[in-house]
Amino acid sequence: MSKPHYDREHHAKIASGIGDPQCFRGKAGEAKFKEGERVRIRDLPDIFYTRTMLYTRGAVGTVTKLVYESPAAEDEAFGNEDHPEWFYSVVFMQKDLWPEYSDTYANDTLETEFPERYLERA
Amino acid sequence: MSDHHDHDHDHGHKPAPMVDEVSHFEILEMAVRELAIEKGLFTAEDHRTWVEYVHTLGPTPAARLVAKAWLDPEYKKLCEADGVEASKAVGVNWVTSPPTQFGTPSDYCNLRVLVDTPTVKHVVVCSLCSCYPRPILGQSPEWYRTPNYRRRLVRWPRQVLTEFGLQLPSEVTIRVADSNQKTRYIVMPVRPEGTEGWTEDQLTEIVTRDCLIGVAVPKPGITTNVKLPVRKAIHPVHHDH
């Protein structure tokens, strides 16, 4: 990407009257994962910015929903919107996130979202 | 802040300060805002319009959304399928209600309504910061933004809910929604017993903000949020500037 002069109204121009993430709809191509698929969260480097919580890294969960298309926060934070990707809502068993989670409540779950780059088939 | 003001209250001629205490984040906000205005990113007028908009927001539209869904199964389906579309029925357009006309800079336009059942209870947190569905719920309560709530709810949801006075039996599973990307959540609790034949207005009254975050469940007769007691610090911090 080459943006010698950063257009500070760029986001307003693409999102006005449409909304964000709606303005990225149809721009991510084909989704790699489906609803119901088991995925493992990758532990990618995140020196600058990330919105993928440490407690989810390495954990295995189930895709509940393909939620929207958007640039990953890791790119968007620096104005890079060139590669929108699919976002997935993934549900984990609490036991898989926190080994000491009480057995009495073994069916408790946690749901959160990830850009496609963070997922691999499990 | 660099002013050398003292905290000596004996000087009766000095007017009382308009603001007792300003946090670092408030100073940071003012500095960034003034820089942004100087650089022409937005005008002081834009900022005022925005603040006015923010001050009009509250949890009533979300409470009404829940009440409507309790009464209308078709509308409930719409809430589950498309929260942004369902919000329009309660006067909130996620895209065009804010002065920007593209949602808000941090709330985006993607509402998901988490529907509780008798065996599943949802509760919302943003462990990374304090993402909150402001267009439909207003400003988040102070406790929602604290690291204490954020870091503990994802790991010890039962214990944290107990502190809010909500004890759930083991046959009810808890699903925590950690709002970390562009989706914002509200919880649609189960309609409580004792509300048979109630009107939409009556039902709206018992769906408090706490119910919509998921840390409480609606009960007939309870129309306000839990007020947690404020305890004074045992060793308060003194600034000696």
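Restricted to the range A:34-115, the set of strands (runs of 3 or more DSSP E) holding at least 3 residues that are modelled with pLDDT of 95 or more and over 13 Å from the mean Cα position of the chain (by Cα) comprises A:60-70. Applying the condition of being assigned to a loop (DSSP other than H, G, I, E, B) and charged (D, E, K, R) to the range B:98-143 and asking which residue is nearest to the other protein chains (Cβ to nearest Cβ) yields B:Asp107. When the residues of the range A:24-40 are filtered to those that are within 17 Å of B:Thr183 (Cβ to Cβ) and in contact with a Ser or Thr (Cβ under 9 Å, 6 or more places away or on another chain), the one that is surrounded by the fewest Cβ atoms within 10 Å (Cβ to Cβ) is A:Glu35.
Here A:Leu66, A:Leu119, A:Leu110, A:Leu54 are screened, and the one residue that is surrounded by fewer than 19 Cβ atoms within 10 Å (Cβ to Cβ), at negative phi, within 14 Å of chain B (Cβ to nearest Cβ) and in contact with a strand residue (DSSP E or B) (Cβ under 7 Å, 6 or more places away or on another chain) is A:Leu66. In a residue-by-residue description of the range B:173-187, the property of being farther than 20 Å from B:Val115 by Cα and surrounded by fewer than 21 Cβ atoms within 10 Å (Cβ to Cβ) applies to no position. Do we have any residue at all in the range A:101-109 that's touching a helix residue (DSSP H, G or I) at 6+ places or on another chain (Cβ under 9 Å), aliphatic (A, V, I, L, M) and in contact (Cβ under 8 Å) with a residue 40 or more places away in the chain? Among the residues of the range A:101-109, not one is touching a helix residue (DSSP H, G or I) at 6+ places or on another chain (Cβ under 9 Å), aliphatic (A, V, I, L, M) and in contact (Cβ under 8 Å) with a residue 40 or more places away in the chain, which makes the answer no. Taking the residues in the range B:11-55 that are among the charged types (D, E, K, R) and modelled with pLDDT under 80 as candidates, determine which candidate is farthest from B:Phe102 (Cα to Cα). In this case the residue turns out to be B:Lys14. Here B:Leu228 does not qualify as among the hydrophobic types (A, V, I, L, M, F, W, C), in contact (Cβ under 8 Å) with a residue 40 or more places away in the chain and assigned by TED's automatic domain parsing to the domain that holds B:Ala63. Counting residues in the range A:83-103 that are at the interface with chain B (Cβ under 7 Å from one of its Cβ atoms) and surrounded by fewer than 16 Cβ atoms within 10 Å (Cβ to Cβ) gives zero. The set of residues from the range B:79-108 being among the acidic types (Asp, Glu) and either in contact (Cβ under 8 Å) with a residue 40 or more places away in the chain or under 17 Å from A:His10 (Cα atoms) (or both) comprises just one member, B:Asp107.
The values are calculated or read from the model by the stated rules, or taken from the named source; none is laboratory data. Please read all numbers here as calculations on a predicted model, not as lab measurements. Neighbour counts run over all protein chains shown; Cβ positions are idealised from the backbone, glycine included.
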